[in-house]
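Below is one structure, written out as structure tokens, with a few remarks after it.
The values are calculated or read from the model by the stated rules, or taken from the named source; none is laboratory data. Here the structure is a predicted model, which is why all the values come from computation and not from measurement. Cβ: placed from backbone, ideal geometry, glycine included. Neighbour counts: every protein chain shown.
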Amino acid sequence: MLLDGKKLAKKMEEDLKNEVKELAEKNIKPKLVTVSTVHDDSSYSYIKSQKKVAQRIGIDFELLEIKPDQTFDVISELNQNENVHGIMLAHPVADDLDELKILKSIVPEKDVEGRSPENLGLLMLGKPSFLPCTAEAVVKILDEYGIDTKGKNITIVGRSTTVGKPLSMILLLRNYNATITVCHTGTRDLVEHTKMADIVIVAAGKAGLINANHLKEGSIVVDVGINFVNGKLVGDVDFESVKEMVNAITPVPGGVGPVTTTLLMKHVVDSAKGILSK
Ligand SMILES: NC(=O)c1ccc[n+]([C@@H]2O[C@H](COP(=O)([O-])OP(=O)(O)OC[C@H]3O[C@@H](n4cnc5c(N)ncnc54)[C@H](OP(=O)(O)O)[C@@H]3O)[C@@H](O)[C@H]2O)c1
């Protein structure tokens, strides 16, 4: 079975369009502001795709390209601006800036990427607020296709703060109740851990890292990786070598990526709705 993220994202988009219409009746237009402190090609291509999705849904999108020394003043203004519902800090940030310090300065209610220490801490405490979008996208896909994680052995390859680590925390929540193994470059025998897993989630950023030798028959694979090989976008899993042996797999492109962007938009809409209930 192909775990079609593009199709899921389309469905989510339709729901969000309706929610945006309901907000419009109350004179609220959700707005996302992306703050960029340095030019970076891959970050810009992500920002461009965010803008397109936001426009389709009816969310206001603004990109602020600022000088590094303006960062904290700009964030402070956006924190206070009632017409701004989501603040996204483009990654990477300028060399002389401390990314963590900037993330700390964004009010948690507008941290729609779920990257602030407060939102990550809440996840750690089992009381999640905004979740990191990519990690949430993985469980959203599993949920959509009715893949039960309870009691399953799940191996995650990658321990970044963006994907692997928060994902392990989400899957430990009681409603997911999985047994988690997290692998990284210090893992002695990767195959040992991926081969015993019912579900393998790969977020390493290494094209073709996982192939048929790494998996057991009938496993489920979620490929988060984004790599460019000879100008072609590929994941971390050698799709052709594993497709016949797995029960289900996400494609790249068209898997986790589109769901991630749409979840970011969902968070902006949720934030706008939060202002309604204040
Ligand atoms: N689809 C989406 O929406 C989306 C969103 C975000 C990221 N991504 C993609 O997902 C991938 C991971 O992103 P990230 O931000 O998590 O990357 P990252 O910060 O570079 O982290 C990569 C992780 O993979 C581990 N790793 C690398 N090579 C490995 C190997 N050979 N064996 C075992 N572990 C290995 C690293 O281990 P160490 O910790 O030991 O270095 C690290 O923990 C990238 O391709 C990125 O482009 C996709």
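Below are the figures for this structure:
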| quantity | calculated |
| --- | --- |
| Test: residue in region 121-141 that is outside the structural domain of residue 165 (by TED's automatic domain parsing), in a loop (DSSP other than H, G, I, E, B), under 28 Å from residue 181 (Cα atoms) and of a type in the set (Lys, Arg) | yes |
| Among residues of region 198-233, those that are touching a helix residue (DSSP H, G or I) at 6+ places or on another chain (Cβ under 9 Å) and away from the ligand (no atom under 11 Å from the Cβ), counted | 10 |
| Any chance residue 194 is closer than 29 Å to residue 119 by Cβ, within 10 Å of the ligand (Cβ to nearest atom) and β-branched (Val, Ile, Thr) | no |
| Hey, residue 236 of a type in the set (D, E, K, R), touching a residue at least 40 places away in the same chain (Cβ under 8 Å), more than 10 Å from the ligand (Cβ to nearest atom) and in contact with a strand residue (DSSP E or B) (Cβ under 8 Å, 6 or more places away or on another chain) or not | no |
| Odd one out for residue 105, checked against (1) within 16 Å of the chain's Cα centre (by Cα); (2) more than 15 Å from the ligand (Cβ to nearest atom); (3) of a type outside the set (Phe, Trp, Tyr) | (1) |
| Elements of type helices (runs of 4 or more DSSP H) contained in region 1-102, each with 1 or more residues being without any contact (Cβ under 8 Å) to a residue 60 or more places away in the chain and within 30 Å of residue 223 (Cα to Cα) | 5-25, 41-57 |
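Here's the yes/no breakdown for (1) surrounded by fewer than 23 Cβ atoms within 10 Å (Cβ to Cβ); (2) touching a strand residue (DSSP E or B) at 6+ places or on another chain (Cβ under 6 Å):
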position	(1), (2)
145	yes, no
153	yes, yes
158	no, no
177	yes, no
182	yes, yes
194	no, yes
200	no, yes
211	yes, no
214	no, no
